[in-house]
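Peer 1: First the structure, which I've put down as structure tokens, then a few questions once you've had a look.
Just so it is clear, none of the values below were taken in a lab; they were calculated from the coordinates. Bear in mind the structure is a predicted one, so any value in this text is a computation, not a measurement. Here the Cβ is made from the backbone with ideal geometry for all residues, glycine too, and neighbour counts use every protein chain on show.
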Amino acid sequence: MHKGFIKTAAILGALSVVLGAFAAHTLKQRVSDDAINIFETSIRYQFYHVFALLAAGILYKDFNNKFIKWAGILFIAGIILFSGSLYFLTYIKATSISGLNWIGAITPFGGLSFILGWICLFAGLLKK
């Protein structure tokens with residue numbers, strides 16, 4: 001197993017639950033519905049890809065190849081770029097900071113990382 005991926009998945013999974021609770025109990029009272037939707041999308045995609053990262057870590061034991069390794073790396077990059085940019089965008093909307101809306105342009109790179117991660121996972125399962 002690739003313990004680094006599994007440990008990272010555990011931390012990011014716990015963070016997903018904490019952020020979800022924060023959104024449900026605190027954030028909803030302080031920001032617009034639009035900002036809540038952005039934040040919840042970020043949490044949802046982070047949590048989905050925690051399981052993908054966990055799978056990559058477990059599969060690495062039996063499919064020890066560069067594609068599985070890259071899948072895990074890309075899932076982590078996707079969480080950072082996709083979810084991280086959306087968390088930051090929510091913060092910008094909550095604080096009415098101007099001039100930083102370009103942060104949203106980072107989000108598609110995170111989405112691309114997720115897609116490439118899934119493709120690498122598939123490719124890694126084809127190689128033994």
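Peer 1: Residues that are surrounded by 15 or more Cβ atoms within 10 Å (Cβ to Cβ), within 13 Å of Tyr45 (Cβ to Cβ) and in contact with a His (Cβ under 6 Å, 6 or more places away or on another chain): does region 89-112 have at least one?
Peer 2: no
Peer 1: Hey, another quick one. Among the numbered conditions (1) without any contact (Cβ under 8 Å) to a residue 40 or more places away in the chain; (2) over 28 Å from Leu126 (Cα atoms); (3) not in a helix (DSSP H, G or I), tell me where Val31 comes up short.
Peer 2: The one condition Val31 does not meet is (1).
Peer 1: Applying the selection to region 61-106, what residues are farther than 25 Å from Leu19 by Cα and more than 20 Å from the chain's Cα centre (by Cα)?
Peer 2: Residues satisfying the conditions are Lys61, Asp62, Phe63, Asn64, Asn65, Lys66, Gly99.
Peer 1: Counting only residues that are charged (D, E, K, R) and under 21 Å from Tyr60 (Cβ atoms), which one in region 1-49 is surrounded by the most Cβ atoms within 10 Å (Cβ to Cβ)?
Peer 2: Lys7
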